[in-house]
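The values are calculated or read from the model by the stated rules, or taken from the named source; none is laboratory data. From a predicted model like this one, the values you see are computed outputs, not experimental measurements. Methodologically, a virtual Cβ is constructed for each residue, glycine included, from the backbone with ideal geometry; neighbour enumeration extends over all protein chains shown.
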Amino acid sequence: MVRRPSFELAFEFLKRAMFRQQNTSMAIGKQFHSVALGPTLGKLCERAYETFGDIGYQRLKKLSNGHLYNLRKSQTHRRIRGNVDKTRPGKIAMGEGRKPPPEGRPGFVRVDSVHQGDLDGIKGLHHINLVDEITQFQFIGSVERISGNFLLPALEEALLEAFPFVVRGFHSDNGSEYINKRLAGLLGKLHIREFTKSRARRINDNARVESKNGSVLPKHLGYAHIPSRFASKVNIFTQQVLSPYLNFHRPCFFPVEVTDNKRRIRK
């Protein structure tokens, strides 16, 4: 067995120490590009040295994909790159994901929000649209923002006073402005037991109110930007003028069924 000279061992140790220090460039490049694949990371190291002249990637560009994966497991790389804690999916207990069954009874309300648009950094107001599933009785309110401090008082007033019948159910989409503990507490205080939300990839679950968003609100309020500072004035109009008009004065067509001599029903 031939022993290697001490200076060769010292040189080899120096090369390894330098490489451990230089492979931190891989951590920096990986963190900047959010790269997970070895071949992609190797190509980036090659371009960093050959195209942009970064000597920190001189040795990394020659490494194989397998060795790049090994380097990513090193303590040096993990210390600089940091640990990545991915989002853990979880179920939200509030609201049951299903379509409400009114069974011909009024009081199952659908709700959705409509934004009046932003312009030059100025936030626009939001409209709250509530529609009953059976009677299609509609209430529209306007708030400055859809946060809980603005949204909950408007919803409480609408659910208590706007509808001429007892509200039995409340259905919304999966937006965080509706699926939260504060709204669930409000529905519990008002003794509204049915709290449902739209299911994933079921676009018809909240179609009743979404159709009103496109056919009623733009028709009467337009598409132009309305700054949020006018929310109180617009709210007076939507509650005292627009909502009564939609429910009691808007012309609509309803077919009249007539039975002819052959007992066939004609409309």
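Within 18 Å of G107 (Cα to Cα), touching a residue at least 12 places away in the same chain (Cβ under 8 Å) and not in a loop (DSSP other than H, G, I, E, B): is that true of L155 in this structure?
Details: within 18 Å of G107 (Cα to Cα): yes; touching a residue at least 12 places away in the same chain (Cβ under 8 Å): yes; not in a loop (DSSP other than H, G, I, E, B): yes.
For L155, the condition - within 18 Å of G107 (Cα to Cα), touching a residue at least 12 places away in the same chain (Cβ under 8 Å) and not in a loop (DSSP other than H, G, I, E, B) - is met.
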**OP:** Output the residues belonging to region 113-139 that are under 21 Å from R193 (Cβ atoms) and charged (D, E, K, R).
**Re:** D132, E133
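Between L160, L190, which is modelled with pLDDT of 90 or more and of a type in the set (A, V, I, L, M)? Outline the logic, then answer.
Details: L160 fails: modelled with pLDDT of 90 or more.
Selected residue: L190, the only one of L160, L190 that is modelled with pLDDT of 90 or more and of a type in the set (A, V, I, L, M).
Is at least one residue of region 210-220 over 27 Å from P251 (Cα atoms) and surrounded by fewer than 11 Cβ atoms within 10 Å (Cβ to Cβ)? Break it down into steps so the answer makes sense when it comes.
Initially, region 210-220 is screened for residues over 27 Å from P251 (Cα atoms), giving none.
Among the residues of region 210-220, not one is over 27 Å from P251 (Cα atoms) and surrounded by fewer than 11 Cβ atoms within 10 Å (Cβ to Cβ), which makes the answer no.
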Subject >> Selection status of V131, more than 21 Å from the chain's Cα centre (by Cα), part of a loop (DSSP other than H, G, I, E, B) and modelled with pLDDT of 90 or more >> reply: no
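Taking the condition basic (K, R) and either touching a Leu at 6+ places or on another chain (Cβ under 7 Å) or without any contact (Cβ under 8 Å) to a residue 60 or more places away in the chain (or both), does K189 pass?
Against the criterion (basic (K, R) and either touching a Leu at 6+ places or on another chain (Cβ under 7 Å) or without any contact (Cβ under 8 Å) to a residue 60 or more places away in the chain (or both)), K189 qualifies.
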**OP:** Answer with yes or no whether P102 is part of a loop (DSSP other than H, G, I, E, B) and surrounded by fewer than 20 Cβ atoms within 10 Å (Cβ to Cβ).
**Re:** yes
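Restricting to region 53-70, and then to whatever is in a loop (DSSP other than H, G, I, E, B) and not charged (D, E, K, R), can you tell me which residue is surrounded by the most Cβ atoms within 10 Å (Cβ to Cβ)?
Filtering region 53-70 down to residues in a loop (DSSP other than H, G, I, E, B) leaves 53-54, 58-59, 63-64.
Then drop every residue that is not not charged (D, E, K, R), which leaves 53, 58, 63-64.
Numbers: G53: 9, Q58: 15, L63: 18, S64: 11.
Going through the qualifying residues, I end up with L63.
Keeping to region 139-153, report how many residues are crowded, with 21+ Cβ neighbours inside 10 Å and aliphatic (A, V, I, L, M). Let's see the steps before the verdict.
Applying the first criterion (crowded, with 21+ Cβ neighbours inside 10 Å) to region 139-153 yields 139-143, 151.
Now restrict to residues that are aliphatic (A, V, I, L, M): 140, 143, 151.
Matching residues across region 139-153 total 3.
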Subject >> Residues located in region 109-128, provided they are part of a strand (DSSP E or B) and crowded, with 17+ Cβ neighbours inside 10 Å >> reply: V109, R110, V111, D112, S113, V114, G124, H126, H127, I128
Original post:
Out of region 241-267, which residues are outside any loop (DSSP other than H, G, I, E, B), loosely packed, with under 10 Cβ neighbours inside 10 Å and under 36 Å from the mean Cα position of the chain (by Cα)?
Top reply: F248
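Each row is one residue, and each column tells you yes or no for (1) of a type in the set (D, E, K, R); (2) surrounded by fewer than 16 Cβ atoms within 10 Å (Cβ to Cβ); (3) touching a Pro at 6+ places or on another chain (Cβ under 6 Å).
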position: V166; (1), (2), (3): no, yes, no
position: D173; (1), (2), (3): yes, no, no
position: H191; (1), (2), (3): no, yes, no
position: F195; (1), (2), (3): no, no, no
position: A207; (1), (2), (3): no, yes, no
position: S228; (1), (2), (3): no, no, no
position: S232; (1), (2), (3): no, yes, no
